[in-house]
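A quick write-up on the structure given underneath.
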Amino acid sequence: MKIFTLLLFLTCSQLCFPQASLSEEEKIEKLIQVWGLLKYQHPEVSRGEFNINAEFLTQLEKLKRTDSRKEFNSQLLDWVESFDSKKLKPKKDWKKRDELFSKNADFDWIVKSDFSKDLKILLEKVQLNKNYKDHYASVHSLASFVEFQNDKPLENFNTTSKAHRLLFLAHFWNAMKYWNVNIYLTETPWNQVLSEMIPEFSRDDPEAFEFAKEKLFSKLNDSHANYYPSLTLNSLTHFPNFGGRIINDSLVVTRIFNEDSIKRNKISVGDIIHSVEGVKLGKYYTDKFSSLISASNKNYLKNAIQNSYLLASDKDSINVGLLKKNGDKIKQYIHLYPLKNSYEKYRRKHPEKTENWKMLNEHIGYMNLYKITKDEVDAAFDKFEETKGIVIDLRNYPQNISTGTLPKYLYPRRKKFVKALAPEFPAYGEPDYKSPLRWIMNPFAAGKRNKNYYKGKVVLLVDRSTLSKAEWIGMAIQAAPNVITVGEQTGGAVLNRNEIMLMDSTSIDFTKMTAFYPDGREVQRNGLQLDHEIQESAKNYNKDLYLEKAMEIIEMP
């Protein structure tokens, strides 16, 4: 009997004692979740009546001294009850609540938590409250982007303070949870991101804090989320004097930026770099950059790296494995050089010069959208009127045209080409956003009534460099009859950028809406829909492959 009692005690101890205590990470995670809920949805807190950052820092300090779950729950309940909750109004009164986009409204953490019954009930009332205010975040009435103008950085932010670093995480994580409509698309579920990042922000090392920020931002999986103060990326000060294109796991050299210096490296257009510092190129750039650069998809990550960072280093040389054009396999050091100024880095991203429009042959026209103007588009369509087909090259970022420039020639009538998901309420979105100015100029429709619209084949060329405004223009072109899209996965970040200021006075952008085709297909992260995917070969690289495929399609009966 004594042995049975002992075994029963040990079993109960294993089941019960772990539940009686909380790890520091668990306490921080729950505090961050409750703090964000109060900040954006409590009727008094969301009004800006309290110093919300000071509240977080105070509660974080208090919770250090709580050892049991019971004490922790009691501390949180006392804190939430300290704010007047008499004005809480349930969300069931919300207009159109059944029509709202709710994939971002993930509040299972309340239900599944081991919070006390009273705390759960109170938090659920806050979560269902419709009587929140917009002090910390407000949706712009005309442009439907989120403004955080009253959400100021922390004065005297100290990177050596663990509390300040955790406040940085709490602020950004919650802002994205409640106001980034694309957050449901992240590769790692956003609630899981929080638990993963708490240990990263807890490390007492200023450099570790910078690395933690870079890793956090990469979790957005958003090609618009460029963090320009990145410590790691800005430490890369030396660059090769040639450019290339990543194909599968190799880099094909395609451009020479400085003929004199390139002789020293013995690098030629057409050479293939297949390894860096003894590591296969694909693994090298993935390991080095995937947690530094926020990318909607892996194809855009290739674009960001090949344009700016692939062989960049803080040293003046790097060892690579080369397959020369003549078939020789060699290993050699290539010399790297500092850039003269920031513009030189930007200039390297520009596509190679080509004519804005021309005739490829007597019955196929070509139009490159990078630098073409509206007047040149008019002249081109006059010339293309009797052609069999047109190749529209969108492997670039158009500088001088808008979504309506080409559709007026390509559409028989005005039509909607995109559906947008916009922020509406905290964690909820409007799934088919209607612009308040749509009666004057609907940004989601293009074209006009035109019985003389172009009736030949239109082949649209896209690739990894087709991003943002380029994808937006691409969607407008795709809505025309007889359009065939050829290329590879595009950048996957279509609509405009939304800026947020961070606790340490830096800032970052994120994509403000989600773009869908009118039939509901998502473009965010996925990129533009393709009809024909181009498969390139590093060993047999053909820079004219896209163009040749387009002409072949047009020539087909």
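One table, with the values for the structure above:
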| quantity | calculated |
| --- | --- |
| Residues (within 8 Å of residue 486 (Cβ to Cβ) and either small (Gly, Ala, Ser) or open to solvent by 60 Å² or more (accessible area, probe 1.4 Å) (or both)) located in segment 534-548 | none |
| Output for segment 487-515, where each listed residue is within 30 Å of residue 247 (Cα to Cα), over 14 Å from the mean Cα position of the chain (by Cα) and open to solvent by 20 Å² or more (accessible area, probe 1.4 Å) | 489 |
| Considering residues of segment 138-183 that are of a type in the set (Gly, Ala, Ser), within 21 Å of residue 197 (Cα to Cα) and out of contact with any helix residue (DSSP H, G or I) (no Cβ under 6 Å at 6 or more places or on another chain) only, the residue most open to solvent (accessible area, probe 1.4 Å) | 161 |
| Residues of segment 245-302 classified as in a loop (DSSP other than H, G, I, E, B), in contact with a strand residue (DSSP E or B) (Cβ under 6 Å, 6 or more places away or on another chain) and open to solvent by less than 50 Å² (accessible area, probe 1.4 Å), total | 2 |
| Whichever residue in segment 465-486 is open to solvent by 10 Å² or more (accessible area, probe 1.4 Å) and in a strand (DSSP E or B) and, among such residues, is nearest to residue 306 (Cα to Cα) | 484 |
| Scope segment 444-453; condition surrounded by fewer than 22 Cβ atoms within 10 Å (Cβ to Cβ) and within 26 Å of residue 488 (Cα to Cα); matching residues | 444, 445 |
| Meets criteria (aliphatic (A, V, I, L, M), loosely packed, with under 12 Cβ neighbours inside 10 Å and either in contact with a strand residue (DSSP E or B) (Cβ under 6 Å, 6 or more places away or on another chain) or part of a loop (DSSP other than H, G, I, E, B) (or both)) for residue 88 | no |
| Search result, residues across segment 385-423 that are of a type in the set (S, T, N, Q) and open to solvent by 30 Å² or more (accessible area, probe 1.4 Å) | 399, 400, 402 |
| Extreme residue, least open to solvent (accessible area, probe 1.4 Å), among residues of segment 113-137 that are within 22 Å of residue 421 (Cα to Cα) and aromatic (Phe, Trp, Tyr) | 136 |
| Only one of 470, 479 that is closer than 30 Å to residue 227 by Cβ and under 27 Å from the mean Cα position of the chain (by Cα) | 470 |
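The values are calculated or read from the model by the stated rules, or taken from the named source; none is laboratory data. Computed from a predicted model, the values in this text were never measured in an experiment. FYI the Cβ positions are ideal-geometry reconstructions off the backbone, even for glycines, and counts take in every protein chain you see. What goes into the accessible areas is simple: the full protein's heavy atoms, side chains included, and nothing from ligands, DNA or RNA. Shrake-Rupley method; radii C 1.70, N 1.55, O 1.52, S 1.80 Å.
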